[in-house]
Amino acid sequence: MYIILIIVILLFIIIYCYKHKEYFINKNQLNSIDSLDYQIITNWDEAFEILTNENYLLSFNKSDFYARDIIPPNQDTYKQIIRHKIKDISSSEDKAFRWMINSVKELYPAIVKSSKSSIWNHYLCDFKIIKGDQIDERMPHTHMKTIIFDVEYFKELVNNHKKNEINLMLMEQSETLIHEMGHLLERNNPIINNFFQDVYLELGFLPIATEQFINIVPDKFRFRIRSNPDELPNLQYYWWKKNQDDEDFYLPLALYTSDKPKYLTDTEMSLLIFKEENGKYIYQKKINIEDSDYYKFLGITNNNYHPKEIVPEYLAMWYLSIVEGGALGLDMTSKGFKIFETLVQKNFPI
Ligand SMILES: [Zn+2]
């Protein structure tokens, strides 16, 4: 009799735990707030390996080399040049970075409360940093668990630290940090990764098979796509549909404006429009992202050309709107942001 009772109680506990598994995961994550830390890569060989990983270099097309002034445009030239762009992080820069991390940690309870979501607790994982001198035009970016910040980023951070300009640091450097850490979450955290895949779908993004992508995207565009380390290691393009009934498929891409661009910013954020006819996708035309319903739907002015950029941008802007009481560049009433916000709050409750 007792045995049956114990089995029944155990079954109830198991069913309860299963139904509330996300809740339990979140509770465990909450304990890790104090353990968030970063590691500076001081070994230049290790930094070099990260910056020149094969997966990344294979994603380059010729324009990617030209845009970085890598001439002749090949991997060997890239490797020679990149070696001289790795810099040491000084103790004052390390102190300033720690000041930023500690300030963000202190804000966490308020951010969780205000956003009505515990998703932020998943941010609290260890990461690595590299200081680069004009790597990728000073734009911060990521490889696996590493974030690359430019010398200028550290310069401004140290300045803010010296003057104790907490607000400026929160608005600028910490917002960048939150965006970049969003990329680490997308690739290194299985719970978040699975959740983000659902978010992309709910926002209207559908993955395109590589073979299909090669077949339908005209070569003149395919060889002008700007490579982005933040979308790796599993490169996946998505197209977007306004709604189920709409016949058009919109493929967002960051395209170089010429075959030999001078800068990484010689790009236009574009939408290639396709129509489905008898199971085939036919290219129609190219328009600027800014002139589209897609742009209005998402409600962000930057980083809107790939779902793996959109989600970290939403998180960073949301964070900024909480710590600053407003975020330029984010329309918090846009349909896209509302879908995102609702999903996050539902799946990661307080
Ligand atoms: Zn990004």
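Every read-out reported here was derived from the displayed coordinates using simple, explicitly stated rules and does not represent laboratory data. Keep in mind it's a predicted model, so treat the numbers as computed, not measured. For neighbour counting, all protein chains shown are included, and Cβ atoms are generated from backbone atoms with ideal geometry for every residue, glycine included.
Return the total of residues in the range 130-170 being among the β-branched types (V, I, T) and either over 18 Å from I40 (Cβ atoms) or within 16 Å of the chain's Cα centre (by Cα) (or both). Lay out the reasoning, then the answer.
Pass one, the range 130-170, residues among the β-branched types (V, I, T): 130, 135, 142, 146-148, 151, 158, 166.
Among the residues that remain, those that are also either over 18 Å from I40 (Cβ atoms) or within 16 Å of the chain's Cα centre (by Cα) (or both) are: 142, 146-148, 166.
Adding up the residues that qualify gives 5.
Against the definition (within 15 Å of the ligand (Cβ to nearest atom), of a type outside the set (V, I, T) and either outside any loop (DSSP other than H, G, I, E, B) or under 24 Å from L107 (Cα atoms) (or both)), how does P349 come out, yes or no? Quick ask: steps written out before the conclusion?
Numbers: within 15 Å of the ligand (Cβ to nearest atom): no; of a type outside the set (V, I, T): yes; either outside any loop (DSSP other than H, G, I, E, B) or under 24 Å from L107 (Cα atoms) (or both): yes.
So P349 fails the test.
If we keep just the residues of the range 222-246 that are more than 21 Å from the chain's Cα centre (by Cα) and in contact (Cβ under 8 Å) with a residue 12 or more places away in the chain, which is surrounded by the most Cβ atoms within 10 Å (Cβ to Cβ)?
Residues of the range 222-246 that are more than 21 Å from the chain's Cα centre (by Cα), as a first pass: 222-224, 241-246.
Now drop any that are not in contact (Cβ under 8 Å) with a residue 12 or more places away in the chain, which leaves 223-224, 241-243.
On the way: F223: 15, R224: 22, K241: 15, K242: 15, N243: 6.
Going through the qualifying residues, I end up with R224.
Check the range 278-293 and report whether any residue there is surrounded by fewer than 22 Cβ atoms within 10 Å (Cβ to Cβ) and within 16 Å of the ligand (Cβ to nearest atom).
Just the residues of the range 278-293 that are surrounded by fewer than 22 Cβ atoms within 10 Å (Cβ to Cβ), to begin with: 278-293.
Applying the additional criterion that residues be within 16 Å of the ligand (Cβ to nearest atom) yields 289.
Yes; the residues of the range 278-293 include at least one that is surrounded by fewer than 22 Cβ atoms within 10 Å (Cβ to Cβ) and within 16 Å of the ligand (Cβ to nearest atom).
Please enumerate the residues belonging to the range 189-212 that are of a type outside the set (A, V, I, L, M), surrounded by fewer than 19 Cβ atoms within 10 Å (Cβ to Cβ) and either within 15 Å of the ligand (Cβ to nearest atom) or closer than 16 Å to H306 by Cα (or both). Walk me through how you get there before you give the answer.
Filtering the range 189-212 for residues of a type outside the set (A, V, I, L, M) gives 189-190, 193-198, 200, 202, 204-205, 207, 210-212.
If we keep only those that are surrounded by fewer than 19 Cβ atoms within 10 Å (Cβ to Cβ) too, we end up with 189-190, 193-194, 197-198, 202, 207, 210-212.
Correct list: N193, Q197, D198, E202, P207, T210.
Need pairs with beta-carbon distance below 7 Å; first residue free of Cβ contacts under 8 Å to residues at least 60 places away in the same chain and within the range 287-300, second of a type in the set (D, E); sequence gap 6+ or separate chains.
Short answer, once both residue conditions are applied: N288/E268; G299/D331; I300/E313.
Looking at (1) assigned to a loop (DSSP other than H, G, I, E, B); (2) touching a residue at least 60 places away in the same chain (Cβ under 8 Å), which is the one condition that is false for S92?
Condition not satisfied by S92: (1).
Please enumerate the residues belonging to the range 154-188 that are farther than 19 Å from N234 by Cβ and within 14 Å of the ligand (Cβ to nearest atom). Let's see the steps before the verdict.
From the range 154-188, those farther than 19 Å from N234 by Cβ are 154-179; that's our starting set.
Matches in the range 154-188: E175, T176, L177, I178, H179.
For the range 64-89, enumerate the residues that are in contact with a Ser or Thr (Cβ under 9 Å, 6 or more places away or on another chain) and in a helix (DSSP H, G or I). Can you show your working first?
The initial filter retains those residues of the range 64-89 that are in contact with a Ser or Thr (Cβ under 9 Å, 6 or more places away or on another chain), namely 64-67, 70-71, 73, 75, 78-79, 82-83, 88-89.
Selection gives D64, F65, Y66, A67, Q75, Y78, K79, I82, R83.
Is one or more of the residues making up the range 101-124 polar (S, T, N, Q), on the phi > 0 side of the Ramachandran plot and without any contact (Cβ under 8 Å) to a residue 60 or more places away in the chain?
Filtering the range 101-124 down to residues polar (S, T, N, Q) leaves 102-103, 114-115, 117-118, 121.
So of that shortlist, the ones also on the phi > 0 side of the Ramachandran plot come out as none.
No, every residue in the range 101-124 fails to be polar (S, T, N, Q), on the phi > 0 side of the Ramachandran plot and without any contact (Cβ under 8 Å) to a residue 60 or more places away in the chain.
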